[in-house]
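Read-outs throughout are calculated quantities, based only on the coordinates presented, and are distinct from any laboratory measurement. Bear in mind the structure is a predicted one, so any value in this text is a computation, not a measurement. For neighbour counting, all protein chains shown are included, and Cβ atoms are generated from backbone atoms with ideal geometry for every residue, glycine included.
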Amino acid sequence: MAIVETRHLTKVFKQGELGAVNDVSLTTHEGEFLVFLGPSGSGKTTLLRMIAGLETPTSGEILIGGSVVNRLSPRERRIAMVFQSYALYPHLTVYKNIAFPLKAQGVPKDQHRKKVEWAAGLLGIGRLLERKPRELSGGERQRVALARAIVREPAVFLLDEPLSNLDAKLRASAREELERFHGSVGTTTIYVTHDQVEAMAMGDRIVVMNFGEVRQIGTPAEVYDEPADTFVATFLGSPPMNLVERDEVIVGFRPEHFFPVSVLAGRAAIPEPMRAADREGPYVPVGLRVGHEEYLGAERIVYGSIEGGPFHGKTVVSRLASTLTLPFDAGGVHAFAVSERHLKFYDRSSGKRTTPRSVAWR
Amino acid sequence: MAVSDRRRPGAAAPKWMLGTAMFAPSVLYIILLIGVPFVLAVLYAFSDARIGSTGFHFVGFENFRSILQSPGFRKALRNSIVFTVSAQAIVIVCSNILAIALEKPFRGRGFIRFLILLPWVAPVSLGTIGWKWILDSIYSVITWVLVALHVYKPYNAPMWLGEPHLAMASVILVHCWRLIPFSTVIMLAGRSAISKEIPEAAAIDGAGFWRTAFQINLPMMTPILSVAVLFGAIFTFTDMTVVYILTAGGPFDSTQTLPSLAFATGIAGSDLAAGAAISLFLVPVLVLAAYFMLRLAHRAEVV
């Protein structure tokens, strides 16, 4: 096990162009599951490939287990990587695929079978050892790729969108399996994804990236509840955070914190002792002209625009549990509210978080 | 529905005729230029046909019996095999190296790819005539360079086409020069068909250059490699232009191959029957070779 650290890491593919990765400094914790999250082109895969040694940094340092590995080849870095396409060797059986790293690193041959069977057993693919990759399903291939990665007990795992080739149902179960797997192996893992649900579910911490830069590093709760800038605020969450601007400030609030005042009236009916944890107020009343509504089964998404006050006309979204059956007529104005505690303030020119200030809503 | 189902009278016939008309030229071409000569060759091979005589008797396998007993034929057969196998071995190694070298982009790669393709584009006969001059006993530039470098004295310089072993080496060299471009292009296609992530996975798994080359890339390229070898082998085995122009089979028949011997016996030596028998001898050999190569390609099919 080891800690991975990058210091001012930069990768420029074409001279004069903006770097794919710009001045990234971060440090993993021991045994941590760290997720690089960002849209495509955000540099997350390039960053991972530099750590793996498949890409040479333009400047900056990479440290694994405390020593600089910039000049080491991938094989000397004691890392294992699972590729998006799994990159199994199509002409070799599953057994030989898993044994390949052992062979390549000169592990004595008499230990191969034991180690391969251990890795295959851990991932439940023991009965597939004599098959060729083309005879396997997507989920089975992904497990073979994982088995090939763990068989030589690497210091660090690098996973590049390993679930993106699976269908939605399989993805959920594979995600859970990966979490369990990380729990049992406990190896430092870096996981690249553009899927915020994967990142939130699996990550001990999330590194949110955009345009080659780290926008925020934090636990899932931190990046979701306290986004450091407007990019993080809108990239995480579905629907994303409402942002309304006025003068030099942008005010943000999550759609789930924006609901009809009648919900507050309902809360008032809850006996005082049970309401203790619900001290959300004071509330800001906001008029919402309802545009249209999406019914998503477990929840309702209400789209509309603010009616009256300095934010008049700004489009906002409300996310309600569908247990709330209150009907909204399209085009009508309804009394909504948002807790002041959940308002975030961002500087309009930099997009960075600023100090809370009082804003006149009416 | 019923209306559209009813066929207009005569609508099918022109369509059928159009198909035939479009098809006919290629069928005619194959029958006249490949089918007829092949049938004639089979007929001649079992007869006693000679140029300048109208006599024609079937003699069964007599021609095959006699050519099999002739030392000239056995030598030509051996030469054909030696040329084909050694040229293919050299071509595969060189074209693989070239394909690896040309895979990654660098300045002027397009131009170098073009230069490498040139021998394949040039007509065989022209290229071979060029080589005939390069290897000439008096005007050879190779000899000239070697003499200038004091490797040889002018009076004992090697006669590239005049000594049996050197002549054989020269023929192999020209075959390689001609086949390497073709093979390189096939190898490049084969390499680029391998997903970039697979050699990367091998690098991370700890494989070095040689292990990746021989245990990952080469096995994955087996199907396309066997196609390249099959084509190359057939080109070399059936080619008579190179030998005919370069050495005409000499010195002392030491570079005679089956095609050039067939020509020398059947046309130059006017023994049509024996010539036909020699050239037909190649057919089963090539069919077998093709069968095994294609089976290998099929078996090795991956993904």
Given A:Gly139, A:Ser173, A:Gly16, which one lies farthest toward the positive end of the charge dipole of segment A:4-224, if we put +1 on the Cβ of every Lys and Arg and -1 on the Cβ of every Asp and Glu?
A:Gly139
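Mind checking which helices in chain B clear 30 Å along their axis (Cα) and have mean Kyte-Doolittle hydropathy of 0.0 or more, DSSP H runs only? Don't skip to the answer; put the middle values down first.
On the way: long enough: B:71-103 (47 Å, 1.08); B:164-192 (41 Å, 1.13); B:272-299 (41 Å, 1.70).
Length and hydropathy pass: B:71-103, B:164-192, B:272-299.
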Just to verify a number: FRET efficiency for B:Ile51 and B:Arg78, C-beta to C-beta distance, R0 = 25 Å, to 0.05?
0.35
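Using a Förster distance of 41 Å, how high is the FRET efficiency between B:His298 and A:Ser59, based on the Cβ-Cβ distance and rounded to 0.05? If you can, show how the numbers build up before the last one.
On the way: r = 50 Å, r/R0 = 1.23.
Efficiency at R0 = 41 Å is approximately 0.20.
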With the contact rule set at Cα under 8 Å and sequence spacing of 6 or more, what percent relative contact order holds for chain B?
28
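Calculated FRET efficiency, A:Tyr295 and A:Glu248, Cβ-Cβ r, R0 45 Å, to nearest 0.05? Before the final figure, lay out each step's value.
On the way: r = 38 Å, r/R0 = 0.85.
After rounding, the FRET efficiency stands at 0.75.
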Please report the spacing between the Cα centers of segment A:228-261 and segment A:280-344 in Å, no decimals.
13
Taking the dipole about the Cα centre of the protein assembly as shown, with the C-beta of Lys and Arg at +1 and of Asp and Glu at -1, give me whichever of B:Pro223, B:Leu161, A:Gly332 is farthest to the positive side.
B:Leu161
Show me, for segment A:53-67, the HN-Hα J-couplings you get by feeding each phi into the Karplus relation (A = 6.51, B = -1.76, C = 1.60, θ = phi - 60°), rounded to Hz, glycine and proline as x.
x, 8, 9, 8, x, 6, 7, x, 10, 10, 10, 10, x, x, 10
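For the residues B:Ile180, B:Ile142, what sequence is obtained by ranking on other C-beta atoms within 10 Å, fewest first? Spell out each step's value before the answer.
Details: B:Ile180 25, B:Ile142 14.
Fewest to most other Cβ atoms nearby, the residues stand as B:Ile142, B:Ile180.
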Using the Karplus curve 6.51 cos²θ - 1.76 cosθ + 1.60 with θ = phi - 60°, what ³J(HN,Hα) values do you get for each residue of segment A:129-143, in whole Hz, with x for Gly and Pro?
4, 8, 7, 9, x, 5, 8, 10, 7, x, x, 5, 4, 4, 5
Say a paramagnetic label sat at a point 7 Å from the Cα of A:Ala201, along Cα to Cβ; which residues of segment A:286-326 have their backbone N under 20 Å from it?
A:296-299
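Counting only trypsin sites (Lys or Arg not before Pro) that sit in a DSSP loop (anything but H, G, I, E, B) with at most 15 other Cβ atoms within 10 Å, what is the longest stretch of chain B containing none of them? Display every interim value, and only then the final one.
Numbers: sites that count: B:Arg6, B:Arg7, B:Arg107, B:Lys196.
The segment B:197-303 is the longest one with no such site.
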³J(HN,Hα) computed for each position of segment A:319-330 - Karplus, 6.51 cos²θ - 1.76 cosθ + 1.60, integer Hz, glycine/proline x
10, 10, 5, 6, 5, 7, 9, 3, x, 10, 8, 4
Listing B:Met22, A:Met241 from the residue with the fewest other Cβ atoms within 10 Å to the one with the most, what is the order?
B:Met22, A:Met241
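Distance check, please: which entries in A:Lys103/A:Lys132; A:Lys11/A:Lys344; B:Lys132/B:Lys153; A:Lys44/B:Lys196; A:Lys114/B:Lys104; A:Lys103/B:Lys196 exceed 30 angstrom between their Cα atoms?
With Cα atoms farther than 30 Å apart: A:Lys11/A:Lys344; A:Lys114/B:Lys104.
Over all residues in A:79-89, what is the mean tally of Cβ atoms on other chains that come within 10 Å of each residue's Cβ? Before the final figure, lay out each step's value.
On the way: counts 1, 4, 6, 2, 7, 1, 5, 4, 10, 4, 9.
So the per-residue partner count for this stretch is 5.
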Obtain the nm distance between the two label points defined at A:Asp23 and B:Leu18 by a simple spin-label model: each point lies 7 Å from its Cα along the Cα-to-C-beta direction.
6.9
